[in-house]
Amino acid sequence: MQIKILDSIDNISPAEWDSLLNSEPNHSLDCTTNTNNVNSSASPFLQHEFLAAIERHQCVGQRHGWIPRHIVIYDQEIAVAASPLYIKTNSYGEFVFDWAWADAYQRSGLMYYPKLVSSIPYTPATGQRLLVKSDQNQIRLRQLLIEATIQLAQQENMSSIHWLFPNSNDRLALDSGDLLQRIDTQFHWRNNQYHSFDDFLQTLTSSRRKKIKRERKRALEQEVTIRCVEGSQATEDDISLADFFYRTTFDKKSGYASFNANFFRDIAHNIQDCLVIFFAEHNNETIAASICYRSGSALYGRHWGCSKEMHSLHFELCYYQGIDYCINNNLQLFEPGAQGEHKISRGFLPVPVYSAHWINHPEFKTAIAQYLANEIPVIRDYIVELETHSPYKETPVWYKPIAQEIAMLVHDS
């Protein structure tokens, strides 16, 4: 076995990298036509072209604090395992918040940055972090990837390693005594074999059903029309508009827009139907956009922006259009993005998301372990409370209350 550290995803061929992508656990295997020879039930964010576009259009790099250091394991010159990996000089765009840890390091006269992060930049979506070719020894190669990452951190004197939003298979590999486990919450929607949006509404309580109908009616009463644009259909004007609304949100919140029009254009043209954009139009003017990505089994809501505030427009564009799209395209999962308790009443239920952490400093490892031991039961109780606010008449068959699962983490910690 040979281990290589790549400072660019382009140092491995698209075919080699994409051969390591597997279907996401618990997703449907129904797939759309895919011209890139990629498993279309795999996360779109892990495709070589997606990661290459991020690098190519300078959405990552020294200036952003995301410096590529991807790990690839070769067996007789054939790539058999890999991990998307970045040196981080800040904690921006991770969505697993460790600012308090960085502050504690600084107050102790220690350097928290640089650190290593295995994740997709600016993207809080669960997926593979330990990529292993399907015909290889999964357990052994996942362990080799973890060991290689720790070795790199030690050689480069990194404070820590953070595997963010790993899927269930990777979590099992990362659940070792030397790694600390952390949980958080997102709100997801699942397609329970619905034939239409009304079919979905019938599974909700009367009050929730009426609320959603009222919100959708508001958009029609305000003479708002919705236009859905998929990947290769996007015109230059569509890309420019999507980029404008994406940047508008960051401008309003004094944030920093890391993606750009060239990136969106690249994804639209080079990954078939990966990009899905919902535009809202009013009086012949485009007033808002919701930017999503999709695989053959899931839709991921990522960015939203508007130039005119209208009642319930955000709910329509970011939630209801996505649910409609999933039903019409037989997609099984809709992840609308991080956080947002208001999503529950609109059909999204709380689910745990995970991360694993390696801390180099022994004393800080002990302190952070105690921090997480105190945090996990708080998150558990929070999710249990959220579950009581489910809008469904009956618990959907796909939904598993997670108190017991998290209790195991509490016990292990």
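The values are calculated or read from the model by the stated rules, or taken from the named source; none is laboratory data. Note that the structure is a prediction, hence the values are computed from the model and not measured. All Cβ positions, glycine included, derive from the backbone under ideal geometry; neighbour counts span all protein chains shown.
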Could you figure out which of (1) without any contact (Cβ under 8 Å) to a residue 40 or more places away in the chain; (2) buried (at least 17 other Cβ atoms within 10 Å of the Cβ); (3) not aromatic (Phe, Trp, Tyr) isn't true of LYS308?
-> (2)
Could you tell me which of the residues GLN138, GLN155, GLN143 is out of contact with any Asp or Glu (no Cβ under 9 Å at 6 or more places or on another chain), without any contact (Cβ under 8 Å) to a residue 12 or more places away in the chain and not aliphatic (A, V, I, L, M)?
-> GLN155
Do we have any residue at all in segment 181-197 that's modelled with pLDDT of 95 or more, farther than 30 Å from CYS318 by Cα and surrounded by 14 or more Cβ atoms within 10 Å (Cβ to Cβ)?
-> yes
Which ones in segment 123-145 are of a type outside the set (A, V, I, L, M, F, W, C) and in contact with a Phe, Trp or Tyr (Cβ under 7 Å, 6 or more places away or on another chain)?
-> THR123, PRO124, THR126, GLY127, ARG129
Can you work out which of the residues in segment 24-64 that are among the small types (Gly, Ala, Ser) and buried (at least 20 other Cβ atoms within 10 Å of the Cβ) is modelled with the highest pLDDT?
-> ALA53
Inside segment 132-158, can you point out the residues that are part of a loop (DSSP other than H, G, I, E, B) and crowded, with 21+ Cβ neighbours inside 10 Å?
-> MET158
PHE364 fails exactly one of (1) part of a strand (DSSP E or B); (2) farther than 21 Å from GLY127 by Cβ, namely (1)
Subset of segment 159-179 [in contact with a helix residue (DSSP H, G or I) (Cβ under 8 Å, 6 or more places away or on another chain), polar (S, T, N, Q) and either farther than 18 Å from PHE364 by Cβ or not in a strand (DSSP E or B) (or both)] | SER159, ASN169, SER176
Within segment 209-236, the count of residues that are closer than 20 Å to ASP266 by Cβ and either surrounded by 14 or more Cβ atoms within 10 Å (Cβ to Cβ) or among the aliphatic types (A, V, I, L, M) (or both) comes to 5
Going through segment 101-142 in order, the residues found to be closer than 28 Å to LEU333 by Cα and hydroxyl-bearing (Ser, Thr, Tyr) are SER118, SER119, TYR122, THR123, THR126, SER134
Within segment 68-86, tally of residues that are within 19 Å of the chain's Cα centre (by Cα) and either closer than 29 Å to GLN339 by Cβ or of a type in the set (Ser, Thr, Tyr) (or both) = 6
